[in-house]
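One structure is given here, and the rest of the page talks about it.
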Amino acid sequence: MVSPFIMIMSLAVGAGALGSLLIIIAMSADTWESVTFRMDVLSQYTNKSSINYYVELATSDSDFSKFSEMETIVVNGSKQSRLKYTFLYTMYTGLWRTCDILTDASRHELETLKGRKMKRCYVFFSEYDEEDDNLPNHMKRVGRLQTSAASCVIVSFIIMMAASVVGTISIVLKLVSACMVTGALYFMAGLFCAFGLTIFHTKVYYEKYQCCSFFEEAFPGPACDARVIEIGWAIVLSWVYVVVCIIVSTLWIFVMRTFRFIKSKSMM
């Protein structure tokens, strides 16, 4: 019969390996968040006789909708009306970047309409500049929350790797203190990941309920109503990782106490 100590130690090691796998998969996925637009809401504005809004609907998920809004501006003291265009298309956000699923033809057409080059993915760590004065405050808020969430998850991953190394040393050398440190490290890894997820959920809240976006200065009211923001499976996987870290931390505390008991018994 396998001793309880061997079982607990095996569970601690196995659960730690599972936690490492979960966070690696979550970090590498671009499915933390998705942004889509409801065609049934946008279709209410396809009538060209509408005074304020008009929408040219996308033909597929890999195409974009062109939303036209009549706005009034002041030029040389006189009011003038002009059309403002907002482009709506599906996007997926991961921990590091946001990507669209536009076809090459749709992207080329969008580049022509916007008058600038558009890449398929925007990488926050390499392209986001906090000091860019051209970014409105709401864009900076979203970018800041995105990078802060990613930083916390990175720290969690580093702590997890450190815990794996210390745990291996504690088992090989039967070090009681190293077992305690391993348990504390796993707890900290879960805590930092929970911080990162909370920050990410805060970003989603701003996008969902205050209609903030990192890629558009302002969405028209109907576009906000049509926008659907959903949490992806990678977020769920990350929360499972947090729970696993807490369980592993508890198991390592039991391993520490068992090592201490075995050592004290051998000294009698």
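Of note:
So that you can scan it fast, the table gives a plain yes or no per residue for (1) surrounded by fewer than 18 Cβ atoms within 10 Å (Cβ to Cβ); (2) in contact (Cβ under 8 Å) with a residue 12 or more places away in the chain; (3) out of contact with any Gly (no Cβ under 9 Å at 6 or more places or on another chain); (4) assigned to a helix (DSSP H, G or I):
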position: Tyr206; (1), (2), (3), (4): yes, yes, yes, yes
position: Ser213; (1), (2), (3), (4): no, yes, yes, no
position: Tyr241; (1), (2), (3), (4): no, yes, no, yes
position: Ile246; (1), (2), (3), (4): yes, yes, no, yes
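- Residue in segment 146-168 that is hydroxyl-bearing (Ser, Thr, Tyr), crowded, with 19+ Cβ neighbours inside 10 Å, at negative phi and not in a helix (DSSP H, G or I) present: no
- Looking only at residues in segment 33-57 that are modelled with pLDDT under 90 and touching a Phe, Trp or Tyr at 6+ places or on another chain (Cβ under 7 Å), the one that is surrounded by the fewest Cβ atoms within 10 Å (Cβ to Cβ) is Lys48.
- Any hit, segment 160-180, residues being of a type in the set (Gly, Ala, Ser), over 30 Å from Val248 (Cα atoms) and touching a Phe, Trp or Tyr at 6+ places or on another chain (Cβ under 9 Å): no
- Taking the numbered list (1) part of a loop (DSSP other than H, G, I, E, B); (2) touching a residue at least 40 places away in the same chain (Cβ under 8 Å) in turn, Leu135 passes all entries but (2).
- Screening segment 150-186 for residues that are among the polar types (S, T, N, Q) and free of Cβ contacts under 8 Å to residues at least 12 places away in the same chain and picking the one that is nearest to Met256 (Cα to Cα) gives Ser177.
- Set Leu145, Leu191: member being closer than 30 Å to Leu251 by Cβ and of a type outside the set (Gly, Ala, Ser): Leu191
- Conditions (1) within 30 Å of Phe219 (Cβ to Cβ); (2) of a type outside the set (Phe, Trp, Tyr); (3) under 28 Å from the mean Cα position of the chain (by Cα): number failed by Met161: (1)
The values are calculated or read from the model by the stated rules, or taken from the named source; none is laboratory data. As the structure is a prediction and not an experimental result, all values here were calculated from the model. Backbone-built Cβ (ideal geometry, glycine too); neighbour counts: all protein chains shown.
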